[in-house]
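One structure is given here, and the rest of the page talks about it.
The values are calculated or read from the model by the stated rules, or taken from the named source; none is laboratory data. Everything quoted here is computed from the prediction, not taken from an experiment. Using ideal geometry, Cβ is built from the backbone for each residue, glycine included, and neighbour counts are taken over all protein chains shown.
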Amino acid sequence: MQGKVLFEYAVIRIVPRVEREEFINVGVILYCKERKFLQAVFTLDEEKLRVIGPGTDVQEVRDYLRAFEQICCGGAKSGPIGQLEVALRFRWLTATRSTILQTSRVHTGFCSDPEFALQRLHAQLVL
């Protein structure tokens, strides 16, 4: 059995009207330094989004979420932020901001499989 490794994660939120501070948890981003793992998973509940953010452009929100995923993956197609090393990409993605796409504070945990931990957190905090 493999040993457990430290990971960090944040909940990805959609905040349609920043001034109201209402949000929907739509995903999770998880970073594990030891495994060089950085991945995000999301599920957008369009009905909830329409309730708390009438008039929000759902396609635009999906595009933002896909960009978030691309930056996690890195590579030439992920823009300048996606070219940074994994730790810096995670820090950039989880930085505090006042936009429609935000993250919670960063939390930590231990796991033997970062992919499984990501899916478990997604099920617990989003679905």
Consider THR108 carefully, then state whether it is exposed (fewer than 12 other Cβ atoms within 10 Å of the Cβ), among the hydroxyl-bearing types (Ser, Thr, Tyr) and modelled with pLDDT of 95 or more. yes
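A quick yes/no check of all residues on (1) of a type outside the set (Asp, Glu); (2) farther than 30 Å from GLY3 by Cβ; (3) in a loop (DSSP other than H, G, I, E, B):
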residue	(1), (2), (3)
ALA67	yes, yes, no
ARG91	yes, no, no
ALA95	yes, yes, yes
SER98	yes, yes, yes
Pick out the one residue from GLN83, GLN119 that is within 24 Å of PHE7 (Cα to Cα) and in contact with a strand residue (DSSP E or B) (Cβ under 8 Å, 6 or more places away or on another chain). GLN119
Can you pull out every residue in segment 85-102 that is touching a residue at least 24 places away in the same chain (Cβ under 8 Å), of a type outside the set (Ser, Thr, Tyr) and within 20 Å of ILE14 (Cβ to Cβ)? PHE90, LEU93, ILE100, LEU101, GLN102
Filtering segment 29-65 down to residues that are assigned to a loop (DSSP other than H, G, I, E, B) and of a type in the set (Asp, Glu) yields GLU34, ASP45, ASP57
Matching residues, segment 69-89, being in a helix (DSSP H, G or I), aliphatic (A, V, I, L, M) and surrounded by 12 or more Cβ atoms within 10 Å (Cβ to Cβ): ILE71, ILE81, VAL86, ALA87
Mind checking which residues of segment 21-42 are more than 23 Å from VAL86 (Cα to Cα), in contact (Cβ under 8 Å) with a residue 24 or more places away in the chain and either loosely packed, with under 14 Cβ neighbours inside 10 Å or among the aromatic types (Phe, Trp, Tyr) (or both)? PHE23
